[in-house]
Structures are given as C-alpha cells and as structure tokens.
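Asks: For reference, the structure I am asking about is given below.
The values are calculated or read from the model by the stated rules, or taken from the named source; none is laboratory data. Predicted model only: the values in this text are computed from it and were never measured. FYI the Cβ positions are ideal-geometry reconstructions off the backbone, even for glycines, and counts take in every protein chain you see. Side chains are part of the model used for accessible areas, which takes the heavy atoms of the whole protein and leaves out ligands, DNA and RNA. Shrake-Rupley method; radii C 1.70, N 1.55, O 1.52, S 1.80 Å.
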Amino acid sequence: MTHVHRASARYLGLLAFALIASVLPAGAQVKGLQVGDRAPTVVIQTLDGKAADLAEYVGRKPVLIEFWATWCPLCRQMEPTITRIINENKDKLEVIRIVVPQNQTPEKAAAFVAKNELPGLFLFDAEGAAYKAFAAYHTSYIVVLDKQGKVMYSSDGGKQDLDAVVAAAMAKPSR
C-alpha cells in the first residue's frame with residue numbers, strides 16, 4: 001500500500017468515525033441499553049435465595065441499577081456516590097445492586113454487604129438473566145430509569161456523575 005493510499009484509508013476511517021459520532025447524541029452510550037429504551041423485566045433472586053421480579057421495582061419511582069461484584073474496584077469507587085444518593089433520596093429512589101455471578105455466591109455477597117454496611121437492595125443474578133436483558137457489559141454498569149421505567153442514563157466506570165440524572169429522573173412527571 002502506498003503512502004497516499006494509507007493516508008486516504010486513514011482519512012476515510014476518521015471521516016466514518018466523525019460521521020457516526022455526529023449522529024449520536026452527545027455522550028451517547030454505544031454499549032448496553034440506550035436512553036429511551038424501556039427497562040427489561042426479569043426474575044432473579046434475593047441474596048437469601050427468594051425470587052425477585054424486577055417488574056416489582058420498575059415503574060413506580062425512579063430506579064438506579066448497578067451491576068456489582070465484591071471484587072469490582074470500579075464498584076468500590078462508586079460506593080461513596082451511591083451511598084450518598086441513597087441517603088439523600090431515601091423514599092424517592094429505588095437503588096438495586098445486581099450481583100453478577102462471576103466468582104460470587106449469594107453468601108459471599110451478603111457477607112461483604114453486611115461487613116461493609118452497604119445500603120440498597122442487593123439481588124443475585126445466578127443465571128445471568130438480568131446481565132443479558134440489560135445488555136450489561138461490565139461491572140459498575142449503571143442504568144437510571146425514570147418513573148415510567150424508561151432508560152435515562154446508561155454507562156460504566158468508577159467515576160460517574162449521577163447527581164444530575166437522578167435529579168432529572170425524580171423531577172420527570174409521572175404519566
């Protein structure tokens with residue numbers, strides 16, 4: 001391939017990337033659920049083994065869902081933010097941590113939660129049903145749903161700014 005052809009190929013690649021980026025909303029997520037998607041409902045289990053239907057939590061008030069693990073450093077980074085959000089929004093926001101089954105057991109997760117006095121509802125995704133339904137791709141993947149169960153936010157990482165989206169989810173009027 002000549003120098004001119006390589007430069008042209010690079011230019012076309014950059015042009016394609018710019019074109020794709022221009023049609024996506026700013027900050028759009030290209031993995032996981034998309035903003036505006038309706039939240040899927042699945043039955044998983046509580047840490048003590050009882051069935052837990054996510055439909056019972058979605059559609060009444062805003063919901064923050066985090067795909068979580070005891071071994072996840074990004075989840076630990078998010079812990080102070082999520083704890084503060086829970087404390088500031090006690091009865092107005094449901095916070096659900098879905099424990100992924102990789103290198104986890106419900107007992108191990110329950111012991112970790114108790115030892116570290118972590119707030120929120122922890123559910124165990126033994127078969128990976130929620131992980132698949134939510135198109136989760138990483139631990140620390142967080143989805144914020146409005147009161148109608150529509151996705152308002154979807155991202156991952158140890159430094160997510162959730163305050164504005166949680167406030168917007170709570171301020172959005174019910175239909």
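Asks: Which count do you get for residues in segment 98-110 that are open to solvent by less than 60 Å² (accessible area, probe 1.4 Å) and assigned to a helix (DSSP H, G or I)?
Replies: 3
Asks: Tell me, which residue of segment 111-123 that is part of a helix (DSSP H, G or I) and not β-branched (V, I, T) is most open to solvent (accessible area, probe 1.4 Å)?
Replies: Residue satisfying both the conditions and the ranking: K115.
Let's see how each residue does on (1) over 20 Å from G149 (Cα atoms); (2) open to solvent by less than 50 Å² (accessible area, probe 1.4 Å); (3) at pLDDT below 75; (4) within 14 Å of the chain's Cα centre (by Cα):
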site: S8; (1), (2), (3), (4): yes, no, yes, no
site: R60; (1), (2), (3), (4): no, no, no, no
site: I65; (1), (2), (3), (4): no, yes, no, yes
site: R76; (1), (2), (3), (4): yes, no, no, no
site: N87; (1), (2), (3), (4): yes, no, no, no
site: I96; (1), (2), (3), (4): no, yes, no, yes
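Asks: So, one more: Could you say whether any residue in segment 146-157 is within 11 Å of the chain's Cα centre (by Cα), aliphatic (A, V, I, L, M) and under 22 Å from A39 (Cβ atoms)?
Replies: yes
Asks: A further question on this structure: Out of segment 122-149, which residues are charged (D, E, K, R) and under 17 Å from V42 (Cβ atoms)?
Replies: Of everything in segment 122-149, those that are charged (D, E, K, R) and under 17 Å from V42 (Cβ atoms) turn out to be D125, E127, K132.
Asks: If you don't mind, another one. For residues that are in a strand (DSSP E or B) and not hydrophobic (A, V, I, L, M, F, W, C), scanning just segment 124-175, find the one that is most open to solvent (accessible area, probe 1.4 Å).
Replies: K150
Asks: Look at T81 and say whether it is open to solvent by 30 Å² or more (accessible area, probe 1.4 Å), of a type in the set (S, T, Y) and either closer than 21 Å to A133 by Cβ or not in a strand (DSSP E or B) (or both).
Replies: It is true that T81 is open to solvent by 30 Å² or more (accessible area, probe 1.4 Å), of a type in the set (S, T, Y) and either closer than 21 Å to A133 by Cβ or not in a strand (DSSP E or B) (or both).
Asks: Something else: Being of a type in the set (D, E) and open to solvent by 60 Å² or more (accessible area, probe 1.4 Å) is the requirement here; does D48 meet it?
Replies: The answer is yes for D48.
Asks: How many residues are within 15 Å of M170 (Cα to Cα) and not charged (D, E, K, R) when one looks only at segment 66-91?
Replies: Here the count works out to 4.
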